[in-house]
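What follows is a short report on a single structure.
Every number here is computed from the coordinates shown, using simple stated rules; none is lab data. Computed from a predicted structure; not experimentally measured. When we count neighbours, we look across all protein chains shown, and the Cβ atoms used for this are built from the backbone with ideal geometry, even at glycine.
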């Protein structure tokens with residue numbers, strides 16, 4: 001899995017263009033794209049994916065910093081971790097969530113309040 005930070009996307013048409021460009025790359029199994037991030041599953045290299053995004057008219061680089069980091073409480077096991085990760089990744093504007101028992105690093109465009117609400121609806125606390 002490769003996470004990309006995107007630039008120059010301004011609407012859902014841009015998101016669709018980047019999604020199509022990434023899905024056309026040999027070795028890509030699935031791409032989930034938001035205005036600022038893309039998560040790509042498959043065998044393609046980051047360099048190849050970045051080139052595809054640039055060929056579509058946008059900018060990309062490997063993502064190294066999440067858009068939000070949440071402090072979590074109430075998670076006691078890996079089932080809890082999976083529940084929170086699923087709740088976050090099911091949001092349309094989240095492309096990836098890296099979750100452990102105490103924190104979540106979220107890549108995507110969802111508002112902080114939306115992320116906290118998703119965690120709380122899953123039965124846990126976040127701030």
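Length gained on full extension, residue 82 to residue 45, computed as 0.36 nm times the residue gap minus the Cα-Cα distance: 10.6 nm. Summary value for the chain: 24 percent relative contact order, contacts being C-alpha pairs under 8 angstrom separated by 6+ residues. Sorted into 10 angstrom bins from 0, the C-alpha pair distances of the chain split as 14, 43, 28, 14, 1 percent.
Relative contact order of segment 68-126, taken over Cα pairs closer than 8 Å and 6 or more residues apart, is 42 percent.
Here 89, 113, 54 are placed in order of increasing Cβ neighbour count within 10 Å, fewest first, which gives 113, 54, 89.
The relative contact order of segment 1-70 comes to 40 percent, based on Cα pairs under 8 Å that sit 6 or more residues apart. Calculated mean residue ellipticity at 222 nm for the chain: -10500 deg cm²/dmol, from DSSP H runs with n ≥ 4 weighted as -39500 (n - 2.57), summed, divided by the residue count and rounded to 500. Across segment 2-62, the convex hull enclosing all Cα atoms gives 59 Å³ per residue.
Of 19, 65, 86, the residue with the greatest mean-square motion in the GNM of the chain, using alpha carbon springs below 10 Å, is 65. Max-minus-min Cα coordinates of segment 68-126 on each principal axis give 28, 17, 16 Å, with the largest extent listed first.
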